Amino acid sequence: MRYAFVGLGHRAQMYVDALLGEWRDAGTIVALCDLNRTRMDYYVERIGQEVPCFAPDEFDKVLELADAVIVTTVDATHARYVCAALDAGRDVIVEKPLTVDAEGCAAIAAAAERSSGKLIVTFNYRYSPRNSAVRRLLMEGAIGEVTSVHFEWTLDTIHGADYFRRWHRQRASSGGLLVHKSTHHFDLVNWWLDAAPELVFAQTDLRFYGAGNARKRGLDERPERGQGAPGLGSDPFILDISADPRLKRLYLDAEHEDGYVRDQDVFGEGIDIDDNMSVLVRYTNRAVLTYSLHAHAPWEGYRVAFNGTAGRLELDVVEREWTPPHAAVDPSAAAKEHATGSSERLLLRRHWSEPEEIPIENGAGGHGGGDRLLLNDVFRGPDNDPLARQAGYRDGIRSVLTGVAATVSARTGAPVHLSDHGTRVS
Ligand SMILES: NC(=O)c1ccc[n+]([C@@H]2O[C@H](COP(=O)([O-])OP(=O)(O)OC[C@H]3O[C@@H](n4cnc5c(N)ncnc54)[C@H](O)[C@@H]3O)[C@@H](O)[C@H]2O)c1
């Protein structure tokens, strides 16, 4: 298989390294496409041989060279590349979120239906062993019919803050966190429940990041970015991108080309996304989800509980228990080691029985071995996976539209029926 990449930033590396390493027999990298030449040069060096590089307006040339396209660009640009690749009959592997709005969903659905190419959305969270274990238990009927789900996701001041430093801080680029981030979470719920969302109500607000909140808390006179800032190295919100050679190469050394500043102040002007989000979703099987996401927590992780007719299932995950201030601003691997503490517990509570802790079998590599399972699915095929982890365009659309509907609901104050968005979700 001949693979082309569009979008050569941070995320592309996992797929590039896979094709250079464990999955090298699955295909070769034949073309790169990005608006930034410096970032493409970084990847050409990494690949270790000449690979043709193209600008966005040369994407037709990319399609001539490739059998499949891996899309890892800024979210709002996914739809145009996905549709062009599908219309050329190419396979597409696209990062989440599939796209950022209802128009993108409709265009991708139409292109996917008329194309001979196959589309995979790489929802890596499905492959995390703890999330797979939940799916298996619910499929087996361990708690009977699921009636409601309570799902809270907390992003800490390392991970959560980072969305407010770069393009994610603008809704036009990322769809806001209810699309960019929650697409993972809404997809998990759709897949766990094997049901489609149908009615959404939400409330959201920007309460922590952004210039207005900073002024209210007396944080005036902020530098516009990390590089050259007086607080570099001491202020826990000012990131030092020159401390990590890879971030420096990909962003600082590349910004003269496109003005992409990777270390903007999280308390600066121009942020139009929210950092506190609460959503209620009703599904086709009558289950109701109560969901919340907030982006400035002192710890990172999630808690999800399923209430069913035969009991309750609870998954508690701590990905990072706490962070000393220097680890938040020095993105190097050594600093991350100081950010500590992780744990996970999956508890099955059946009526009239003692609670049972379900063992979670983690493997080697990122996300408890989940990243390897995903890459294997992508490059070798899912091989009759009983959990049906590989996601297609319908899955991508369902989760994006939940976030889009929640955003509309938060703005209007009214519940939104997903059928109002004109794209089938079931
Ligand atoms: N599944 C996950 O856990 C996960 C993690 C990180 C990122 N992602 C996804 O991967 C994608 C990329 O994220 P990232 O962190 O690598 O971002 P990034 O900013 O590091 O990289 C984005 C790249 O896209 C390029 N680009 C922007 N506009 C373009 C255009 N019109 N045409 C071609 N290239 C363009 C940029 O120059 C940059 O090189 C996003 O969709 C993000 O949601 C997923």
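The values are calculated or read from the model by the stated rules, or taken from the named source; none is laboratory data. Just so it is clear, the structure is predicted and the values come from calculations on it, not from any experiment. Note that each Cβ is placed from the backbone with ideal geometry, even for glycine, and that neighbours are counted across all protein chains shown. Keep in mind that these areas ignore ligands, DNA and RNA; they rest on the heavy atoms of the full protein, side chains included. Shrake-Rupley method; radii C 1.70, N 1.55, O 1.52, S 1.80 Å.
Taking the Cα centre of segment 2-124 as origin and charging only Cβ (+1 Lys, Arg; -1 Asp, Glu), how large is the dipole, in debye to the nearest 20?
Dipole about the Cα centre, nearest 20: 140 debye.
For the chain, what is the accessible area per residue in Å² when the probe is 1.4 Å?
42
May I ask you to list the aspartates and glutamates whose Cα is less than 16 Å away from that of Lys118, ignoring any residue fewer than eight positions away on the same chain?
Partners found: Asp67, Asp87, Asp91, Glu95, Asp377, Asp383, Asp395.
Is there a quick way to get the dipole size of the chain? I mean about its Cα centre, with the Cβ of Lys and Arg at +1 and of Asp and Glu at -1; what is the value in debye to the nearest 20?
Magnitude of the dipole: close to 760 debye.
Multiply the residue gap between Glu103 and Asp57 by 0.36 nm, knock off their C-alpha separation, and tell me the result in nm, one decimal place.
Here the answer is 14.4 nm.
Hey, with R₀ at 22 Å, roughly what FRET efficiency would Glu354 and Arg303 work out to, going by the Cβ-Cβ distance, to 0.05?
About 0.55, to the nearest 0.05.
With point charges of +1 on the Cβ of Lys and Arg and -1 on the Cβ of Asp and Glu, referenced to the Cα centre of segment 2-124, which listed residue (Asn36, Asn124, Pro97) lies farthest in the positive direction of the dipole?
Towards the positive end, the residue furthest out is Asn124.
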